[in-house]
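Beneath this line is the structure, given in structure tokens, with notes to follow.
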Amino acid sequence: MALEKTAPVAVVMGSDSDMDVMQGCIDQLGSFGIKPVVRIISAHRTPKIAAEFAENAAQNGLKVIIAAAGMAAHLAGALAAKTILPIIGVPLISGAGLGGMDALLSTVQMPPGVPVATMALGKTGAKNAAIFAVQILALSDEKLREKLAEFKAAQEKNVIEKDTAL
Ligand code: RP5
């Protein structure tokens with residue numbers, strides 16, 4: 001499947017059952033003006049597509065890939081094996097799994113030489129993956145740097161207001 005050349009971020013998830021949580025990631029990217037390529041690709045159920053996607057990602061214009069999966073979550077690692085682009089892993093809490101510890105360890109415990117930047121479990125990781133992707137892109141994008149500064153300032157203001165209201 002051809003990617004939009006302009007989309008610098010992909011959000012890949014192992015199953016459509018991951019979409020509820022990963023919508024938070026897509027929405028957070030949207031708040032920075034980024035419409036990601038969104039795909040359902042499984043390291044186990046569609047391994048050839050996973051390998052092809054990662055192999056072609058850079059030439060298709062991607063700069064960062066966010067990969068989310070639950071249970072034995074090998075998606076982020078499988079993509080990292082096939083590309084030099086940075087991979088951000090989001091371990092998910094699957095109803096059929098072990099409360100997320102399965103996915104966390106499967107995502108974070110990569111062998112030397114094949115890193116995956118692993119976020120927190122579930123919704124928090126989904127949101128942080130988007131922000132981390134923006135931080136990577138912002139290294140070479142002044143407008144994104146400004147948006148990140150605004151985001152940080154708004155977050156700070158929000159907490160101070162809650163503190164003041166006590
Ligand atoms: C993982 O297995 C997916 O990422 C999902 O979190 C979990 C369960 O998948 P389904 O059986 O709901 O498709 O590969």
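No lab work stands behind these numbers, since they all come straight from the coordinates. The structure presented is a predicted model; accordingly, all values stated were derived computationally and were not measured. For neighbour counting, all protein chains shown are included, and Cβ atoms are generated from backbone atoms with ideal geometry for every residue, glycine included.
A residue that is within 10 Å of the ligand (Cβ to nearest atom) and within 29 Å of residue 140 (Cβ to Cβ) occurs nowhere in the stretch 111-119. Return the residues of the stretch 22-49 that are within 14 Å of the ligand (Cβ to nearest atom) and under 18 Å from residue 117 (Cβ atoms); say none if nothing qualifies. Hits for the stretch 22-49 are 22, 25, 43.
Scanning the stretch 4-13 for any residue that is more than 20 Å from residue 144 (Cβ to Cβ) and of a type outside the set (Phe, Trp, Tyr) turns up at least one such residue. For the condition within 16 Å of the ligand (Cβ to nearest atom), outside any loop (DSSP other than H, G, I, E, B) and more than 21 Å from residue 33 (Cα to Cα), what is the one hit in 96, 103, 126? Going through 96, 103, 126 in turn, the sole match is 103. Residues that are surrounded by fewer than 17 Cβ atoms within 10 Å (Cβ to Cβ) and more than 15 Å from the chain's Cα centre (by Cα) number at least 3 in the following helices (runs of 4 or more DSSP H) confined to the stretch 13-91: 47-57.
Do we find a residue being within 17 Å of residue 20 (Cα to Cα) and among the aliphatic types (A, V, I, L, M) anywhere in the stretch 47-64? There is no residue in the stretch 47-64 that is within 17 Å of residue 20 (Cα to Cα) and among the aliphatic types (A, V, I, L, M).
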